[in-house]
Amino acid sequence: MGILLGFTPFIAFAVANRLAGLAHSLWIAAGVSLVLILRTRTHGENPKVLEIGTLVLFALMGLVATVLHARWNISLVRCVVDGGLLGIMLLSILVGRPFTLEYARDRVPSTNYDLPPFIRQNYIITAVWAVSMAIIVLADLALHFLPRFPLWAGGAAIGMAFTGALAFSRWYPRRNQPGHAKQE
């Protein structure tokens, strides 16, 4: 469940946006992010990059929406939110802490934490997530700026990109386990 839990603020935003106003849904997502951080702290761990990044992203957007009484178009907000998530992923690579590394460490012995293959594997998985988010952002932009772009095509691109990154995140570590037959 690990990495999926990190995306719950985005799911909460999507659900809340259907039921509440934009500013409220941004604050709800920020609240879910804060709950994830508090949950992590109660387990004696440091908050994860994704948790901190989503709290900052949603809180800043919620603040702007509240103070400016913004009447943003939801498709534009999705572009910004997904673009922010892409930024978090890319920043995690740039600062040398790929966001998937923190989730992967929850599932492996501590002796693996500093092994170059383990770290490299997480750079690759994070890069795949970043490519997935770039596809999602492009689909969001197409849906927002190209009125004739089919909604089903945007939805399919978003669904396939997210599902593909999730499947890769599960498959790739198993592929690199000792004893796994590698095909040449």
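Computed from the coordinates by the stated procedures, all read-outs in this text should not be read as laboratory data. All of these numbers come straight from a predicted model, not from anything done at the bench. In this analysis, Cβ positions are derived from the backbone assuming ideal geometry, glycine residues included, and neighbour counts consider all displayed protein chains.
Between V35 and N73, the contour length at 0.36 nm per residue exceeds the Cα-Cα span by 11.0 nm.
Full extension of the chain between Y123 and V15 gives 35.8 nm of extra length, using 0.36 nm per residue less the Cα-Cα distance.
In sequence order, segment 143-157 has phi-based couplings of 5, 7, 9, 10, x, 8, 5, x, 4, 5, 5, x, x, 5, 4 Hz under the Karplus curve 6.51 cos²θ - 1.76 cosθ + 1.60, θ = phi - 60°, and Gly or Pro positions carry x. Given R0 = 25 Å, the distance between the Cβ atoms of L4 and L115 translates into a calculated FRET efficiency of 0.50.
Relative to the longest principal axis of the Cα atoms of the chain, the long axis of helix 22-42 lies at roughly 30 degrees. Pop a pseudo-label 7 angstrom from the Cα along the beta-carbon direction at both W171 and H43 and give the gap in nm to one decimal. Simple spin-label model gives 2.7 nm for this pair. Once both labels are positioned 7 Å from their Cα atoms along Cα-to-Cβ, the gap between A134 and F149 label points is 1.6 nm. For the pair segment 108-159 / segment 3-53, the C-alpha centres are spaced 19 Å from each other.
What you get for the chain, charging only the Cβ of Lys and Arg (+1) and of Asp and Glu (-1), is a dipole of about 200 debye around the Cα centre. In order along segment 57-68, phi translates into HN-Hα couplings of 4, 6, 5, 5, 5, x, 5, 4, 5, 6, 5, 8 Hz, rounded to whole numbers, per the Karplus curve 6.51 cos²θ - 1.76 cosθ + 1.60 with θ = phi - 60° and x for Gly and Pro.
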